[in-house]
Amino acid sequence: MLIDARSVPEGELIDTDVVIAGAGLAGITLARELIGLDISVCLLESGGLQPDKATQSLYYGQNIGHPYYPLDTARARFFGGSSHYWHCPMGRQRLGVRLRALDPIDFEKRDWVPGSGWPFPKSHLDPYYERANRVFQIDNGSNAVGTWENPVTAPRLPLDPDRVATTVFHFGQRKFFFEDYRREIERAANMRIYLYANALEVETDENACRVTALRVKTLAGNQCRVRAGIFVLALGGIETPRLLLLSRRVQTEGLGNRHDLVGRCFMEHPHLWSGFFVPKSPEILNKCRLYLTRSVNGYAVMGKLTVSEKVLRKEQILNYCVSLHPDLVPAKDLAEHSRGAVATKELLSSLRWKERPSSFSRILSDIIKDPIGASEVISRRLKSKLGRSDYRFAFRLNHMSEQTPDPQSRVTLADELDVFGQNRICLDWRLSELDIRTIVRAQEVIDAEMRRTGLGHVQVDLKEGKAPGQLHGGWHHMGTTRMHEDASKGVVDPDCRVHGVSNLFIAGASVFPTGGYANPVLTTVALVLRLADHIRVLMRR
Ligand SMILES: Cc1cc2nc3c(=O)[nH]c(=O)nc-3n(C[C@H](O)[C@H](O)[C@H](O)COP(=O)(O)OP(=O)(O)OC[C@H]3O[C@@H](n4cnc5c(N)ncnc54)[C@H](O)[C@@H]3O)c2cc1C
């Protein structure tokens, strides 16, 4: 049932078994898992079914660290949450999300990564990853490159996998959560969705050991309380710590913040366009299909390069991947020894096509036979430069890597208040020396491998030291309520329960102790499915 919280009488007490605050993909996934059980569930969402300015403006915040997106544009505050913003082209006019599981090494305690180590290995999460793939209606979510490569039309680059490996990303549709799954929840007899319901405070007993209610208010001014046996915060990686910090009536430092950890270790995936892979021969363009977004048996997939676990251990760097983007680059951007790089004329004459088509767009679509539409974008960009003597063919590099969990990289409460009189959020995103060294060193390793195999070389433009200003995030908000068995090292325990509070759980990427290089959504869904299983057991007791 859909309920407009603005119509709920002032002071109403709503009783339910489970309340989930936040209807982004985490909250929606959890609610969906509880459909049909003999329990009542309330899903509270700040926004409506469509975006509105007044609600979205509740997301304003301050950025005082490394440059970041304005916080009111970095997240969507209405039913479906940030899934509305996913923008990866998937073909047939569909937009989607990039998906990938974390690697086994991401779960390990690594001596060279302070604060690393999940309470369980990847194998524990594998069955949940399988279920998470099904949430995205992907039956074959295999990350095995062999499943997706084609030795003739889309081969793997012939690099030593002990040094440089190929990694596969999948794509999932964005509409599932705010369309398909919303309808399922709406129809379920044991579910109530409250729209325009802002959770303002988590109220507890006098020892802050048990949550008693959520205080909820609408922008129309009416207020109510939701009482439940189990409370779940699914507000995203910035808003969840904000609500805990704002819930300070009993625990004055903020609920769950006895050890001053709430909001700390904010992590993103550092994204950076920097450097080039300069191939020795234009023939490479005929062999790079695996590394472009393409459709295989109905699945959208994309390959990237990564460095092996062995290299990560030896070099003591963070996990890392890079995507390759064919382009015609001003010759002046390539270093002296690259000037002999493939000229556009040579590129044209080497391409495999029978008859020279008039438009480069046709040439490229012909080569990579890419139904996803990425080739259209690439070729439009390239067309105008083709045949010009001051351009060379190269691959631009888009790096995406892991970030060190750093307690100084954090969200705190700002002095400025929102219309509810609540402190807005302040983000201080910090990057460490290791974060930057990872991107430099990984490129050097790939460069050595490209040279050894005679494929070309990598021009490394990034220098170790301070993060360049153009390094940006991927809207991935992780780590701010991290998971650890020890209450002095984590906000939630391995069951995603807030340490010291018996009935408060967190669903979302804020519980990640570390984030690997993989986009967070698949792991978020896997963890939420795991949490759903746990709640089912608790409700049976
Ligand atoms: C442009 C863009 C592209 C992205 N691409 C990818 C990608 O390709 N792959 C990937 O893995 N990730 C991607 N992400 C990140 C991904 O979307 C997020 O990690 C994910 O949406 C987080 O889901 P969530 O449910 O935890 O939080 P959210 O999506 O933020 O949902 C939180 C929900 O809580 C509601 N809410 C907030 N405060 C309150 C309150 N006080 N009371 C009640 N309700 C409240 C919000 O309205 C929202 O609906 C992208 C993000 C963006 C913005």
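Values quoted throughout were computed directly from the atomic coordinates according to the rules given, and no laboratory measurement underlies them. Being a predicted model, the structure only gives us computed values, none of them experimental. Virtual Cβ from ideal backbone geometry, glycine too; neighbours counted across all protein chains shown.
Sort the range 60-164 into rounded, prolate or oblate with this rule: let a ≥ b ≥ c be the square roots of the eigenvalues of the Cα gyration tensor; rounded if a/c is under 1.5, and if a/c is not under 1.5, prolate when a/b is larger than b/c, oblate otherwise. Oblate, since a/c reaches 1.5 and b/c is not below a/b.
Would you work out if the range 271-330 is rounded, prolate or oblate? Take a ≥ b ≥ c from the square roots of the eigenvalues of the alpha-carbon gyration tensor; rounded if a/c is under 1.5, else prolate when a/b is larger than b/c, oblate otherwise. Oblate is the answer for the range 271-330, as a/c is 1.5 or above yet b/c matches or exceeds a/b.
Taking all Cα pairs closer than 8 Å and separated by 6 or more residues, the relative contact order of the range 25-131 comes to 16 percent.
One decimal place: the segment residue 309-residue 87 gains 76.9 nm when fully extended, by the rule 0.36 nm per residue minus the C-alpha distance.
Relative contact order, whole percent, for the chain stands at 24, derived from Cα pairs under 8 Å and 6 or more residues apart. Peptides 140-152, 202-214 ranked from most to least packed, by the mean per-residue count of other Cβ atoms within 10 Å: 202-214, 140-152. Charged neighbours of residue 5, selected by a Cβ distance under 9 Å, balance to 0 (K, R count +1; D, E count -1). Can you classify the range 104-213 as rounded, prolate or oblate using the Cα gyration tensor, where a ≥ b ≥ c are the square roots of its eigenvalues, rounded means a/c under 1.5, and otherwise it's prolate if a/b beats b/c and oblate if not? It is oblate, given that a/c is not under 1.5 and a/b is not larger than b/c.
The modelled label-to-label distance between residue 533 and residue 296, using points 7 Å beyond Cα along the C-beta direction, is 2.8 nm.
Every helix of 4 or more DSSP H residues in the chain counts as -39500 (n - 2.57), and over all residues that averages to -6500 deg cm²/dmol at 222 nm. When you filter the GluC sites (Glu not before Pro) in the range 424-490 for DSSP loop state and at most 12 other Cβ atoms inside 10 Å of their Cβ, you are left with 464, 485.
Among the listed pairs 280/304; 287/466; 122/463; 280/466; 314/463, a Cα-Cα separation exceeding 27 Å is found for 287/466; 122/463; 280/466. Counting beta carbons within 10 Å around each of 66, 399 and listing the fewest first gives the order 66, 399. Each label was represented as a point 7 Å from its Cα along the Cα-to-Cβ direction; for residue 184 and residue 54 these points are 3.3 nm apart.
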